[in-house]
Amino acid sequence: MDNERLQNLADLIALNEIEGIGLGRLHQLLNTFGSAGKALEASISRLTDVPGIGRETASTIIEKQDRKKAEKIVEKVNSKGWRFFIINESDYPRALKTIPDPPPYIFYLGEYEESDNRAIAIVGSRTATEEGRSFAENLAARLAENGVTVVSGMARGVDTAAHRGAMTAEGRTLAVFGSSLDIIYPPEGRNMAAKIIKSGCLLSEYLPGTEPFGPNFPKRNRIISGLSQGVVVIEAAERSGALSTAGHALQQNREIFAVPGSPRVLTSKGTNHLIKEGAVLLTSIDDIFEALPRLKGQVIARRTENIEDLTELEKSILNHFGADPIQVDKLARETNTPMPDLLQILLALELKGIVKELSGKRFILG
């Protein structure tokens, strides 16, 4: 592995592990100095110029940093075959980078693909009813069939059902741990974890040997929602990890969906409350696509790749369609296609039953 990347990771760990730094100060330091290594080598006077860094904190950074310990941690990471994303590198997940407190580094096993930026999180009760688990599994399968990655936390109940549904449909799924990647939790999830590695990836911001302590999970939940365009909550008590994820989603400007349930069922109280507070009431996958048309548009474009009698030019034109009608002049500009040629292509697509013409020279996917 690239020695420079490993050193960058070690510097980030050394900085992140200094008591009192926290994610807010760490990101301020990275924004100011450009790298953790430069922040660790900075003088007190330069450190105190950083917003939020007083003289006491600056002294702590200089005196308490342990780069040798961090380098040993990186050796362990490397020996375990873990891969990692670093916040200031281009392959860091785009959606995750936009949240207020992205992890400076995140470890993973498996493959993270460009298509995983089209993701929906499904979370819910660990003690979900059979109906709740079934709904989660079926919804995840439908999303996977439509090219949408399913994100969850591999907990018992709804999470496990969501991962299983995505894999049954031969789709992609991501599991975010509240422990390090070398400690599978819950323990019975080992077989599922191995399958997820082949159908997506396992992710964790925690260093090797980190146990699944309670406080880790609310922190972990911001990553579940951060990797996703929206969060679906299926069965959740009034105080639950699923509602914690929904709270993070709200802060991150993600869409929140909630499946309604009987007011007599304890695990429906949380979801019903979310709906009262403005979450999208969800009964089918159509509710997701209606609220997130950009997600539907990308899915439709992907589906057209499998239509055998489409030309490459027709496929290229269709990639500019979303859920809403598009005006022909706008389509001509976006595709850089002469109007006579574009109208011929659209006529051919209409005859194939793929697009429809609306009033005002507007077209929509049929």
* Given the conditions (1) surrounded by 13 or more Cβ atoms within 10 Å (Cβ to Cβ); (2) more than 30 Å from E111 (Cα to Cα); (3) not small (G, A, S), report the number of the one that E56 does not fulfil. => (1)
* To do: Kindly indicate the residue of the stretch 173-194 that is surrounded by fewer than 17 Cβ atoms within 10 Å (Cβ to Cβ) and in contact with a Lys or Arg (Cβ under 9 Å, 6 or more places away or on another chain) and also nearest to H248 (Cα to Cα) among those meeting that condition.
  => P186
* Any chance E238 is touching a Lys or Arg at 6+ places or on another chain (Cβ under 8 Å), over 13 Å from V123 (Cα atoms) and crowded, with 22+ Cβ neighbours inside 10 Å -> no
* **Candidate set from the stretch 169-190 (those that are in a helix (DSSP H, G or I) and of a type outside the set (D, E)); member that is farthest from G147 (Cα to Cα)** => P187
* To do: Sort out which residues of the stretch 86-102 are of a type outside the set (D, E, K, R) and farther than 13 Å from S225 by Cα, and write them in order of number.
  => I86, I87, N88, S90, Y92
* Structure fact -> Those residues of the stretch 282-316 which are modelled with pLDDT of 90 or more, more than 19 Å from the chain's Cα centre (by Cα) and surrounded by 14 or more Cβ atoms within 10 Å (Cβ to Cβ) amount to L282, D287
* For I73, state whether it is under 28 Å from G178 (Cα atoms), in contact (Cβ under 8 Å) with a residue 60 or more places away in the chain and either in contact with a Lys or Arg (Cβ under 8 Å, 6 or more places away or on another chain) or among the basic types (K, R) (or both). => no
* Asked: Taking the stretch 245-286 on its own, how many of its residues are among the hydroxyl-bearing types (S, T, Y) and closer than 22 Å to R118 by Cα?
  -> 3
* Condition test on L12, is it within 14 Å of I87 (Cβ to Cβ), surrounded by 16 or more Cβ atoms within 10 Å (Cβ to Cβ), aliphatic (A, V, I, L, M) and touching a strand residue (DSSP E or B) at 6+ places or on another chain (Cβ under 6 Å)? -> yes
* Selection within the stretch 321-360 - in a loop (DSSP other than H, G, I, E, B) and surrounded by 14 or more Cβ atoms within 10 Å (Cβ to Cβ) -> F321, G322, A323, P325, T337, I354
* Which listed residue, of G37, G52, is over 30 Å from G200 (Cβ atoms), in a helix (DSSP H, G or I) and among the small types (G, A, S) -> G37
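Yes or no, residue by residue, for (1) among the polar types (S, T, N, Q); (2) at pLDDT 95 or above:
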site	(1), (2)
V176	no, yes
S179	yes, yes
P187	no, no
I197	no, yes
P208	no, yes
P212	no, yes
R222	no, yes
G226	no, yes
E235	no, no
* Structure fact -> Scanning the stretch 116-153 for residues that are surrounded by fewer than 23 Cβ atoms within 10 Å (Cβ to Cβ) and under 11 Å from the mean Cα position of the chain (by Cα), the one modelled with the highest pLDDT turns out to be D116
* Restricting attention to the stretch 130-150, which residues are part of a helix (DSSP H, G or I) and touching a helix residue (DSSP H, G or I) at 6+ places or on another chain (Cβ under 8 Å)? -> G132, R133, S134, A136, E137, N138, L139, A140, A141, R142, L143, A144
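The values are calculated or read from the model by the stated rules, or taken from the named source; none is laboratory data. These figures come from a predicted structure and were not determined experimentally. No Cβ is skipped: glycine too gets one built from the backbone with ideal geometry, and neighbour counts run over all protein chains shown.
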